[in-house]
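Remarks on the structure that follows.
The values are calculated or read from the model by the stated rules, or taken from the named source; none is laboratory data. It should be emphasised that the depicted structure is a prediction, and the values quoted were computed from it without experimental measurement. All Cβ positions, glycine included, derive from the backbone under ideal geometry; neighbour counts span all protein chains shown. Just so you know, the surface numbers come from the protein's heavy atoms only, side chains and all, with ligands and any DNA or RNA stripped out. Shrake-Rupley method; radii C 1.70, N 1.55, O 1.52, S 1.80 Å.
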Amino acid sequence: MPKTLLTTKLRPPRARDRRLMRERLLEALDAGMRRTLTLVAAPAGYGKTTLLASWLERAPLPVAWLTLDRDDNDPGRFLRHLAAALQEIDDTLQALGDFVGDDAGAALTTIVNDVSENVEDLALVLDDYHLIEASKVHEALRFLIEHAPEQLHLIIATRSEPPLPLARLRVRGELTELRTEALRFTAEEVGELTAGMQLELSRGDSSELAQRTEGWAAGLQLAALSLQGRDDASNFIPYFTGTDPYVLAYLTEEVLLKQDDEIQTFLLLTSVLDRFCPELADVVTEQRGGLQTIEKLERAGLFLSPLDRQRRWFRYHSLFQELLRHRLEAARPALVPTLHGRAARWFAANDYPADALRHALLADDSAGAAEVIAAHPEAEQIRHQLNAFLKRNDDGGPLSELVAAAVAAGISLEQRGRLFDTFERPAAARLEAGPTERWSELLSAREQQVLVLVSAGLSNKQIAQRLDISLNTVKTHTKNIYAKLNVKRRTEAVARARELGLV
């Protein structure tokens, strides 16, 4: 073999874990040998290479293997290694050691004719095809696919969508596809995998871990590492997130840092969104070209999933989104409420009240949230969002503030009552009891303390010192008190508080 060839590229990796044979996927690969091309496409860490290595041990035909790298963007190097991979299976096939890339068509014709005349049945695996960017190499592979003899079956493993004639092959029935959805581990497979790793998980824990990782193979492996030596799996799994040290390191090194600055910025800014479309992305990032960027993310296999058949709405994988949010909050924490505010205004303007309310709450924009509540006081989705907000704020104070602001924004007493009835909270009855009880309920405990000190004539600075809080916090509480009492200055606030019997 010529010295210019790197022989390790021609050796398939060993099947690292024989404890779990994913029979449904292995059978799909077997079936693919009746077609020209099998495409295994998913983001990093979905077990593409591991699956193919496992299949190799039971493949119904000889399999040639070529692991690609960035140097294979040189057409000559690519074709020499391709020919050498085929020679590993049948040494009667010709080598292309002298080929330097001047006539790729001639070299490919030689390969096609040679396989057609000398081999009965053969599969060729091209692993890590996402590293190929050169148009001439793509053209060479398209030629090979279009002219492949019946006995040659190609398998391509890639993180991104390859620029190959997939639609034409699909229509002809010559394409087998194993994509992200197919590669996700099911709850049963999670149980089998963790049992093989000496981790005893209940059926419920396996199901929750499958949901938490969305069946992502690398995420499951990393969760298993974090679970080693622990006897509290049920308590740990709900809190396994994208900020877990192992997940953080993997996704940062393998995914995020491999993107250019423009893509990284887009990912971070849109991470505040649980779902987004191109127009919303443009508003939140204050950039244009959201559609093109989303299409680029899809092609690159960056943990992005479409939410509808029209491919208008998308979301990030939950662990990836958590990583992005973690990095955003660490790098630019002051920007986060601003991003939520932009999202809230877009959702409100486009008649998505529940989303508008959620982002207004996250933006700490009580006025904006109140406007949404006032405009849609009985909408079922609004109630769901407020219930979710209540779960995160057990004392009910923030919700009370919102309702007070909603009253000022136009929600009627009757509507407010019906809204509160849905929460089934004891406080709802007290809110309707009388003016003093109602208003005291609408003030948080801290706001009541601030109001008492304001009535006593203390300055904001003195109140901050007395309550051991920051001056800005005092100003925020005072502003909230003014809004709830529908006043504009201190003297009016004190007079109104005395009228209501609050001080």
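Of all the residues that make up the stretch 430-452, how many are at pLDDT 70 or above and buried (at least 19 other Cβ atoms within 10 Å of the Cβ)?
Applying the first criterion (at pLDDT 70 or above) to the stretch 430-452 yields 443-444, 446-452.
This time we only want the ones that are buried (at least 19 other Cβ atoms within 10 Å of the Cβ), so: 443-444, 447, 450-451.
Qualifying residue count, the stretch 430-452: 5.
On the basis of being open to solvent by less than 30 Å² (accessible area, probe 1.4 Å) and either touching a residue at least 12 places away in the same chain (Cβ under 8 Å) or part of a helix (DSSP H, G or I) (or both), does Ser206 make the cut?
Judged against the criteria, Ser206 is a match.
From the set of residues in the stretch 40-67 that are among the hydrophobic types (A, V, I, L, M, F, W, C) and part of a loop (DSSP other than H, G, I, E, B), which is nearest to Gln151 (Cα to Cα)?
If we filter the stretch 40-67 for residues that are among the hydrophobic types (A, V, I, L, M, F, W, C), which is where we start, we get 40-42, 44, 51-53, 55-56, 59, 61, 63-66.
Okay, now just the ones that are also part of a loop (DSSP other than H, G, I, E, B), so 42, 44, 59, 61.
Numbers: Ala42: 27, Ala44: 31, Ala59: 15, Leu61: 10 Å.
Checked the stretch 40-67; the qualifying residue nearest to Gln151 (Cα to Cα) is Leu61.
Search the stretch 230-286 for residues being within 17 Å of the chain's Cα centre (by Cα) and of a type in the set (Asp, Glu), and hand back the single one that is least open to solvent (accessible area, probe 1.4 Å).
Within the stretch 230-286, the match that is least open to solvent (accessible area, probe 1.4 Å) is Asp244.
Can you find even one residue in the stretch 340-360 that is within 30 Å of Tyr250 (Cα to Cα), modelled with pLDDT of 90 or more, touching an Asp or Glu at 6+ places or on another chain (Cβ under 9 Å) and open to solvent by 20 Å² or more (accessible area, probe 1.4 Å)?
Scanning the stretch 340-360 turns up no residue that is within 30 Å of Tyr250 (Cα to Cα), modelled with pLDDT of 90 or more, touching an Asp or Glu at 6+ places or on another chain (Cβ under 9 Å) and open to solvent by 20 Å² or more (accessible area, probe 1.4 Å).
If the requirement is being at pLDDT below 95 and farther than 26 Å from Leu222 by Cβ, which of these qualifies: Arg312, Arg325? Even if it seems obvious, please write down each step before you answer.
Values: Arg325 fails: farther than 26 Å from Leu222 by Cβ.
Unique residue meeting the criteria: Arg312.
Looking at the stretch 133-140, is at least one residue of a type in the set (D, E, K, R), within 20 Å of Glu88 (Cβ to Cβ) and part of a loop (DSSP other than H, G, I, E, B)?
Going through the stretch 133-140, the residues of a type in the set (D, E, K, R) turn out to be 133, 136, 139.
Remaining after also requiring within 20 Å of Glu88 (Cβ to Cβ): none.
There is no residue in the stretch 133-140 that is of a type in the set (D, E, K, R), within 20 Å of Glu88 (Cβ to Cβ) and part of a loop (DSSP other than H, G, I, E, B).
Please enumerate the residues belonging to the stretch 141-172 that are in a helix (DSSP H, G or I) and touching a Ser or Thr at 6+ places or on another chain (Cβ under 7 Å). Talk me through it step by step, then tell me what you get.
Applying the first criterion (in a helix (DSSP H, G or I)) to the stretch 141-172 yields 141-146, 166-172.
Ile145, Leu169, listed by residue number.
Do you know which residues across the stretch 68-123 are outside any helix (DSSP H, G or I), open to solvent by less than 30 Å² (accessible area, probe 1.4 Å) and modelled with pLDDT of 90 or more?
Those that are outside any helix (DSSP H, G or I), open to solvent by less than 30 Å² (accessible area, probe 1.4 Å) and modelled with pLDDT of 90 or more: Leu68, Leu122, Ala123.
Here are some residues: Asn486, Asn472. Which one is touching a residue at least 60 places away in the same chain (Cβ under 8 Å) and open to solvent by 80 Å² or more (accessible area, probe 1.4 Å)?
Asn486
Residues that are more than 25 Å from Ser305 (Cα to Cα) and among the charged types (D, E, K, R): does the stretch 213-231 have at least one?
yes
Can you spot a residue in the stretch 164-173 that is in contact (Cβ under 8 Å) with a residue 24 or more places away in the chain, over 22 Å from Ala300 (Cα atoms) and buried (at least 17 other Cβ atoms within 10 Å of the Cβ)?
No: zero hits.
What number of residues within the stretch 252-290 are of a type outside the set (Lys, Arg) and in a loop (DSSP other than H, G, I, E, B)? Full working, then the answer.
Let us first name the residues in the stretch 252-290 that are of a type outside the set (Lys, Arg), namely 252-257, 259-274, 276-287, 289-290.
Now drop any that are not in a loop (DSSP other than H, G, I, E, B), which leaves 255, 259-260, 271-274, 277, 286-287, 289.
So the answer is 11.
Test of understanding: among Arg311, Arg327, which residue is of a type outside the set (Val, Ile, Thr), open to solvent by 30 Å² or more (accessible area, probe 1.4 Å) and either in contact with a strand residue (DSSP E or B) (Cβ under 9 Å, 6 or more places away or on another chain) or not in a helix (DSSP H, G or I) (or both)?
On the way: Arg327 fails: either in contact with a strand residue (DSSP E or B) (Cβ under 9 Å, 6 or more places away or on another chain) or not in a helix (DSSP H, G or I) (or both).
Just a single option satisfies the conditions, and that option is Arg311.
Hey, any hits in the stretch 177-188 for a residue that's closer than 26 Å to Ile156 by Cα, among the basic types (Lys, Arg) and surrounded by fewer than 21 Cβ atoms within 10 Å (Cβ to Cβ)?
If we filter the stretch 177-188 for residues that are closer than 26 Å to Ile156 by Cα, which is where we start, we get 177-186.
Checking which are among the basic types (Lys, Arg) leaves us with 179, 184.
Those left that are additionally surrounded by fewer than 21 Cβ atoms within 10 Å (Cβ to Cβ): 179, 184.
The answer is yes, given that some residue of the stretch 177-188 is closer than 26 Å to Ile156 by Cα, among the basic types (Lys, Arg) and surrounded by fewer than 21 Cβ atoms within 10 Å (Cβ to Cβ).
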